[in-house]
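Before any comments, here is the structure.
The values are calculated or read from the model by the stated rules, or taken from the named source; none is laboratory data. On a predicted model such as this, the values are computed, not experimentally measured, just so you know. Cβ placement follows ideal geometry from the backbone for every residue including glycine, while neighbour counts extend to all protein chains displayed. Ligands, DNA and RNA are stripped out before the accessible areas are found, and what is left, the full protein with its side chains, is counted by its heavy atoms. Shrake-Rupley method; radii C 1.70, N 1.55, O 1.52, S 1.80 Å.
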Amino acid sequence: MKITDARVVVSSPGRNYVTVVIETEDGITGIGDATLNGRELAVASYLRDHVCPLLIGRDARRIEDTWQYLYKGAYWRRGPVTMTAIAAVDIALWDIKGKAAGMPVYQLLGGAAREAVMVYGHASGADLQELCEDFQRHLDQGYKAVRAQAAVPGLEKTYGIGPADRTVYEPASGSAPQEDVWETSAYLDFAPKMMECVREEFGYGVHLLHDVHHRLTPIEAGRLGAALEPYRPFWIEDPTPAEDQSAFRLIRQHTTTPIAVGEVFNSIWDCQQLITERLIDYIRTSVSHTGGITHLRRVFSLAELYGVRSGSHGAGDLSPVSLAAALHVDLSIPNFGIQEYMGHREQAREVFLTSYTFDDGYMHPGEAPGLGVEFDEEAAAAYPYDPKYLPVNRRLDGTVHDW
Ligand code: GCO
Ligand code: MG
């Protein structure tokens, strides 16, 4: 089954997405997500200029060989651009394999290990009252797990606060990054109050999550984890920048609050120490930034050995193709934890026709052969690329801080 065409489509149906389309000699087409938020064109170029030409004439059925060829064959290894490009090709090849077999991808991965996949949604507010209203909205929709973020009093533009009209939270901005302001002491005082407020209002029958978004030092993260213990969070996410894996030892010494990390990782090597030293509880690598289904399964298999569960990244800047691929993996692995689900804008749902379902807080990838996502290239053409940046964060004295 030779590959006859491999192309890259950059479009902006509600937000920017990079999609890889691979065609085979027998007419089967597969799609993959190559979106890297704020750096979309770098991946598009890597694919167009260096990867797509190598795919022509290759056997689309040889997924592992193609993965190794693109990874080892580049000599230069890892990094978000390379690994997102490899991921997109890998996801498209799994789509093709599923369609050729007449089976949904999860069947090829060993079949369903559970009936459906628990997902968490994002509740946020400019203050605690707004947060509680949004939290209630999520419970009304059936969510069993909800992430809580609220604006820190005194700080403008806190991470994770959705627009008042309740459309999907989208932090990207126009021709230059928006600048946010950060002050750790204000946050550390406020976060426990926020979690207490949610528990007082909604009790302990719902899983409560919170994203720290890489902002604390290890000892500050230890203090936060300890302060949140009475509110029994499902996890705190990205408490410190995770380039420094050994930093998590210090956090572990101070708290039993579960820790989730990994959305900016792009290979198994980024999380090797965190997993093998049991420094985290959930690994949050995404299918599209971590080398696709082939590599993500490898990460989750390593994690299984050490009692670490999955918690795949599923923000709106990952296209519906990524979400579908993640759901197939989630359904089939033994150590599934939870899946992030932010949803997508209406325009994206018009371009990507999906067969996954959401029902009472759980998702299922559906039974369509392959990934179960059809990409309408014509509809995508109506939404040209719209350059955007993620925000930059500065402390009150102007120092650049982790966003
Ligand atoms: C999350 C993430 C996102 C990221 C975004 C960056 O937990 O969903 O932190 O909100 O900021 O994916 O592109
Ligand atoms: Mg996050």
Over region 3-104, the quotient of the Cα radius of gyration and 2.2 N^0.38 Å is 1.01
Ranked output for segments 284-290, 119-125, 296-302 by mean other Cβ atoms within 10 Å, highest leading, reads 284-290, 119-125, 296-302
Normalised per residue, the volume inside the convex hull of the alpha-carbon atoms of region 290-385 in Å³ amounts to 108 Å³
Helix 320-332: inclination vs the chain longest Cα principal axis, degrees, rounded to 10, gives 80 degrees
One would report the Cα pair-distance distribution of the chain, bin width 10 Å, in %, as 5, 23, 34, 26, 10, 2, 0
Taking 58, 137, 395, 232 and ranking on accessible area (1.4 Å, protein atoms only), highest first, one gets 232, 395, 137, 58
Measuring from the longest principal axis of the C-alpha atoms of the chain, the long axis of helix 292-305 (C-alpha) lies at a number of degrees, nearest 10, equal to 50 degrees
The number of Lys pairs in the chain whose alpha carbons lie under 19 Å apart, excluding pairs fewer than 8 residues apart on one chain, is 4
In Å², rounded to a whole number, the accessible area per residue of the chain with probe 1.4 Å is 39 Å²
antiparallel share of DSSP beta bridges within the chain, to nearest 5, in %, is 50 percent
Summed over the other residues with a beta carbon less than 11 angstrom from that of residue 218, with K and R at +1 and D and E at -1, the charge totals +1
The summed charge of the residue 46 Cβ neighbourhood (under 12 Å; Lys/Arg +1, Asp/Glu -1) stands at 0
Under 5 Å from the placed amide H of residue 310, counting only residues 5+ away or on other chains, we find 283, 336, 337, 338
Dividing the surface of the Cα convex hull of region 290-337 by four yields a projected area in nm² of 3.1 nm²
For residue 54 and residue 173, extending 7 Å from Cα along the Cα-Cβ vector and measuring point to point gives, in nm, a value of 3.7 nm
Chymotrypsin sites (Phe, Trp or Tyr not before Pro) in region 3-89 lying in a DSSP loop, each with at most 10 other Cβ atoms within 10 Å of its Cβ, come to 75, 76
1/(1 + (r/R0)^6) with r = Cβ-Cβ of residue 306 and residue 204, R0 = 25 Å, i.e. FRET efficiency to nearest 0.05, evaluates to 0.35
Residues whose built amide H sits under 5 Å from the amide H of residue 158, excluding neighbours closer than 5 in sequence, are 152
Taking Lys and Arg as +1 and Asp and Glu as -1, residues besides residue 123 with C-beta under 10 Å from its C-beta add up to -1
Share of accessible surface on carbon and sulfur in the chain, whole %, 1.4 Å probe and ligands ignored, is 50 percent
With DSSP loop assignment and no more than 14 other C-beta atoms within 10 Å, the GluC sites (Glu not before Pro) in region 343-399 are 367
